[in-house]
Amino acid sequence: VCTMEDELENTESYFVVQRYRYGDRFDVHYLFDRDDKKIMRCLIPKLSIQPIVENSIHHGLEEKLGRGTITIRIYATQNRLIVRISDDGVGIEPSRLKALTESIEQGLEYIVSNSADEKAHVALININQRIKLYFGEEYGLSVSSVFGEGTVMQLTLPLQYKE
């Protein structure tokens, strides 16, 4: 695990690389207070946000005509840290969304039981399983999408801080 501050620095480095590749095809919006020391000290598994952002670019915005937007919203409830990564890309067809949700829920069983062609969800499965392993079954990754409008991936974590 690392701090939110470290995870966001890694994600921003990824954005720099992608801007060289895609130019100005997408914008990134941050909806949280970067000066909020509590949020920046929150613990999160390393490489939890960047692979989701990568999926947003590759599967959502790359196929979209025109500019796209990725929004990263981070907030805390009384006991939880919520990280929402949304895009206004092409969205996910309902049947593919159902398969994605099932693969995330099944975890390793899905990876072992399906062919190589169907293993496109490995990064998301990995993120979900690591969250559950570190913090418990009540936490993890969820996905919602409207085909043609965009996708939202949400990480739910316990509210824990680096000392």
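Counting only strands (runs of 3 or more DSSP E) wholly contained in segment 1-99, the ones carrying 3 or more residues that are out of contact with any Cys (no Cβ under 7 Å at 6 or more places or on another chain) and over 16 Å from Q154 (Cβ atoms) occupy 26-31. Evaluating E5 against the criteria (1) within 16 Å of the chain's Cα centre (by Cα); (2) open to solvent by less than 60 Å² (accessible area, probe 1.4 Å) leaves one unmet condition, (2).
Could you please tell me which pairs satisfy a Cβ distance under 8 Å, a separation of 6+ or placement on different chains, a first residue in segment 149-163 that is on the phi > 0 side of the Ramachandran plot, and a second residue that is among the hydroxyl-bearing types (S, T, Y) and in a strand (DSSP E or B)? Here the result reads G150/S86, each pair linking segment 149-163 to a residue that is among the hydroxyl-bearing types (S, T, Y) and in a strand (DSSP E or B). The number of residues in segment 34-46 being in contact (Cβ under 8 Å) with a residue 40 or more places away in the chain and open to solvent by 50 Å² or more (accessible area, probe 1.4 Å) comes to 3.
Assess whether I82 counts as being within 22 Å of F15 (Cα to Cα), open to solvent by less than 60 Å² (accessible area, probe 1.4 Å) and either at pLDDT 95 or above or touching a strand residue (DSSP E or B) at 6+ places or on another chain (Cβ under 7 Å) (or both).
yes
In segment 73-86, the residues that are more than 11 Å from Q160 (Cα to Cα) and touching a residue at least 60 places away in the same chain (Cβ under 8 Å) reach residues that are open to solvent by 80 Å² or more (accessible area, probe 1.4 Å) and assigned to a strand (DSSP E or B) with C-beta atoms within less than 6 angstrom, at least six apart or across chains, in these pairs: R84/R73.
The values are calculated or read from the model by the stated rules, or taken from the named source; none is laboratory data. Note that the coordinates shown come from a computational prediction; the quantities given were computed from them, not determined experimentally. Cβ atoms come from the backbone with ideal geometry, glycine included; neighbour counts cover every protein chain shown. Calculation scope for accessible area: heavy atoms of the full protein, side chains included, ligands and nucleic acids excluded. Shrake-Rupley method; radii C 1.70, N 1.55, O 1.52, S 1.80 Å.
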